[in-house]
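Have a look at the structure below, then the notes.
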Amino acid sequence: MNHWLVILGMALATLPVRASFLVFGHRLVFPPLLHRALHYVPAAVLTALIVPMALAPKGEVDISLGNAYLIGTLVAGVVAFASRKTLLAIVVSFAVYGALRYF
Amino acid sequence: MKNPRSLVLAGLRDTVPMMVGAGPFGLIFGTLAISAGLSPAATLGMSLFVFAGSSQFVAVSLISAGAALPVIWLTTLVVNLRHALYSATLQPHARDWSAGWRWVLSFWLTDETFAVVENHFRTQGRENGQWYQLGSSLGMYLNWFFWTAVGVLLGSSIPGLSEWGLDFAMLATFAAIVAPQLRQRPILVAALAAGATSLLLHGLPYKLDLMVAALVGVVAGLLAEKLFRPQRVATEVA
């Protein structure tokens, strides 16, 4: 895959969204439904990415202590939920993940 | 205090905490992109020309999963849609800006700069605000590029880094971002629906499962919002 093509398309999917109201504001109205839908986009997209990666890192569903991805992800989620500190959750879960994988 | 130079510096200074927070993510992004097979130039290019942290992370995970180009582009669009909201919120403050300023500052509009700048305009006024936003934007932009470059250096100088399981960094990052939001019940419903759908559809070609799952999640969240309306109002007031 041509990664520059990826970048070009991503840029075209980014700048117009950011410019939308700032540049063409007087001609646009923000749809209320879209406004409410946006509230759910991060959780929906990120969870959709996480779940298969954590539950089936090798392609098949693996729910066991041997699945370091799953345990590590759960740890990250629990620490972030309890502390609301993103970086802390990443560091702690990385330590758990590393320990499970290499010791 | 309202001359351009001091406003640029004020915008930059107020953004420093955000820059510190974004640094590690820039580093992780640079390292991951290299181990996902992007060239150093393309990795730096993505930070320079796209400049959207979450989209860049998602794109790298999609590239390593072998997603089709249109899926990567469409996902970027969906992940970026929140910026339209920022754009709309800043628009009344930008009435005196020229078209050039609007385009340039739009390119640099991130979550962090929005948070800093919107707060400043609301509490300190919008006079010559474009200079303040320029300071914040340049800070975020150069910071993101710098940390991406550090990540690229790290990723290319340590052989076999891609076998270290660094892809877990992405999982940890995403999980840590989502988890605190799950206190809001409609968001919890959205996440459960999206997660279940993506697991059921796992393996659809071109990573279409991701798009479908995200859509199902958003619709589920909207429906749940109707069910839990009183709670939603309460959390928004708080």
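The values are calculated or read from the model by the stated rules, or taken from the named source; none is laboratory data. Remember, predicted model here, so these are calculated numbers, not experimental data. All Cβ positions, even for glycine, are placed from backbone atoms using ideal geometry, and neighbour counts span all protein chains on display. Side chains are part of the model used for accessible areas, which takes the heavy atoms of the whole protein and leaves out ligands, DNA and RNA. Shrake-Rupley method; radii C 1.70, N 1.55, O 1.52, S 1.80 Å.
Points worth noting:
- Criterion violated by B:Q91 - all others in (1) at the interface with chain A (Cβ under 7 Å from one of its Cβ atoms); (2) more than 18 Å from A:T14 (Cα to Cα) satisfied: (2)
- Residue selected from the stretch B:188-209 under the condition over 17 Å from A:V61 (Cβ atoms) and at pLDDT below 90, by the criterion surrounded by the fewest Cβ atoms within 10 Å (Cβ to Cβ): B:P205
- Of everything listed in (1) among the aliphatic types (A, V, I, L, M); (2) under 30 Å from B:V189 (Cα atoms); (3) more than 7 Å from chain B (Cβ to nearest Cβ), the single unmet condition for A:V17 is (3).
- When residues in the stretch A:1-15 are screened for being closer than 15 Å to B:L74 by Cα and crowded, with 17+ Cβ neighbours inside 10 Å, 8 of them pass.
- Filter result (of a type outside the set (F, W, Y) and open to solvent by 80 Å² or more (accessible area, probe 1.4 Å)) within the stretch A:48-81: A:K58, A:E60, A:V61, A:I63, A:L65, A:L74, A:V78
- Candidate set: the stretch A:67-91, residues that are in a loop (DSSP other than H, G, I, E, B) and at pLDDT 90 or above; chosen: the one farthest from the chain's Cα centre (by Cα): A:N67
- Tally of residues being without any contact (Cβ under 8 Å) to a residue 12 or more places away in the chain and more than 24 Å from B:A224 (Cα to Cα) across the stretch A:14-56: 17
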